[in-house]
There are 2 protein chains.
Amino acid sequence: MGVELSASEALGLWHRVLMSQVRDDMPDLTVRQMAILLQIYLVPPPHTVRGLAALLTVTKPVITRALDRMGELSLVDRERDPRDRRNVIIKRTVKGALFLERFGDLVMAEARQLA
Amino acid sequence: MGVELSASEALGLWHRVLMSQVRDDMPDLTVRQMAILLQIYLVPPPHTVRGLAALLTVTKPVITRALDRMGELSLVDRERDPRDRRNVIIKRTVKGALFLERFGDLVMAEARQLA
DNA sequence: ACCTGTCGTTTCGCAACCGTTTCAATATCG
DNA sequence: CGATATTGAAACGGTTGCGAAACGACAGGT
């Protein structure tokens, strides 16, 4: 199914959410970082560096750096894959789940208030 | 009015849109820049540097630099206010309007495809 | 054991952003 | 007038991101 949303409503929604994001200064993630975070939390594991890089068509260092940054913020965690120790398994965290839950609520609330 | 949207749908929508944004690499604006751009195009003029700075609770140089950057991309334009030549009036451009129109269509399309 | 390939990370030089401070131009008030 | 205030931009130093290339650790085949 889908949600009915005019182009004008869509822009208005984006506007309100970004304004809130800037004002409340939430941990100020780049578009890439946010896309990676959502991928990790909305798509079933396992997630690897190379998998995310291929999916977003970005280079691997982009993923590594994004994970560094989000790791500092405790939004994600990393573990070596015991079965193939070249791989890194990206793990979710409580803080990350909480962060996205709050963000989802924010979007939802702004959607309801659309003119 | 308002759009019914669950928190889960909201996150899914954000996810899809950001993924598209990263993949197609659209001119890659920061969250602040995008917020400024939407403010300029969705809220009636006039827009000034100091007004935007106050609204987003950021410093004026942040606005100046964002306008520099978006000016290079021809997404916005600037003019001195003839009535008070200290002020700068921020003007919309055809290219900026087109950019946001495409972005609105993108969001709308992703909303329709929500699971 | 030895190549060969793969995975994630690190390093390098570069560009963009940030906040603070300073500045020239302009307006306003005494 | 002259003094003061205000506006947006520029300059400065620091931080963070980027792509490309090189790297070490590891797995798998021969």
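How big is the charge dipole of the protein assembly as shown about its Cα centre, in debye rounded to the nearest 20, if each Lys and Arg gets +1 on its Cβ and each Asp and Glu gets -1 on its Cβ?
Charge dipole, the protein assembly as shown, about its Cα centre: 720 debye, nearest 20.
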Worksheet item: Where does the protein assembly as shown land on Rg/Rh, using Cα atoms and the Kirkwood Rh?
Response: 1.00
Practice prompt. List the distances, in nm to one decimal, from the label point of A:R102 to the label points of the same position in every other copy, shortest first, placing each label point 7 Å from Cα along the Cα-to-Cβ direction.
Written response: 3.4
Worksheet item: Treating the beta-carbon of each Lys and Arg as +1 and of each Asp and Glu as -1, no other charges, what is the dipole magnitude of the range A:29-103 about its Cα centre, to the nearest 20 debye?
Response: 180 debye
Response to the item:
Any lysines whose Cα falls less than 27 Å from that of A:K60, other than same-chain ones fewer than 8 residues away, would be A:K91, A:K95
Response to the item:
Summing -39500 (n - 2.57) over every DSSP H run of at least 4 residues in chain B and dividing by its residue count gives a helix-only mean residue ellipticity at 222 nm, to the nearest 500 deg cm²/dmol, of -19500 deg cm²/dmol
Discussion item. Tell me the Rg and the Dmax, in Å, that the Cα atoms of the range B:40-81 produce.
Written reply: 10.0, 25
Item to complete: Mind listing the label-point distances from A:R78 to the same position on all other copies, shortest first, one decimal in nm, points 7 Å along Cα→Cβ?
Response: 4.0
Response to the item:
Distance in nm between A:T57 and B:R23 label points, each 7 Å along Cα→Cβ, equals 0.8 nm
Worksheet entry | Using alpha-carbon coordinates, inclination of helix A:60-72 to the longest axis of chain A, degrees | 70 degrees
Response to the item:
Exposure proxy check on B:M19, A:M26: fewest-to-most Cβ neighbours within 10 Å is A:M26, B:M19
Worksheet item: Pairing the Cα long axis of helix A:7-23 with the longest principal axis of chain A, what angle in degrees results, from 0 to 90 and rounded to the nearest 10?
Response: 70 degrees
Fill in: Neighbour-limited loop hits for trypsin sites (Lys or Arg not before Pro), the range B:58-97 (at most 11 other Cβ within 10 Å; DSSP other than H, G, I, E, B)
B:R83, B:R85, B:R86
Discussion item. Please list, short to long, the whole-number percent of alpha-carbon pairs of chain B in consecutive 5 angstrom bins beginning at zero.
Written reply: 2, 10, 19, 20, 17, 14, 10, 5, 2, 1, 0
Item to complete: Could you work out how far apart the two model spin labels at B:R85 and A:D84 are, taking each label as a point 7 Å from the Cα in the direction of the beta carbon, and quote it in nm?
Response: 6.9 nm
Fill in: Value of relative contact order over chain A, rounded to a whole percent, pairs C-alpha under 8 Å and six or more apart
28 percent
Practice prompt. Taking a label point 7 Å out from Cα toward Cβ, give me the nm distances from A:L42 to the same spot in the other copies, shortest first, one decimal.
Written response: 1.8
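Here, each number is a calculation from the coordinates, and none is a lab measurement. Here the structure is a predicted model, which means the values were calculated and not measured. Here the Cβ is made from the backbone with ideal geometry for all residues, glycine too, and neighbour counts use every protein chain on show.
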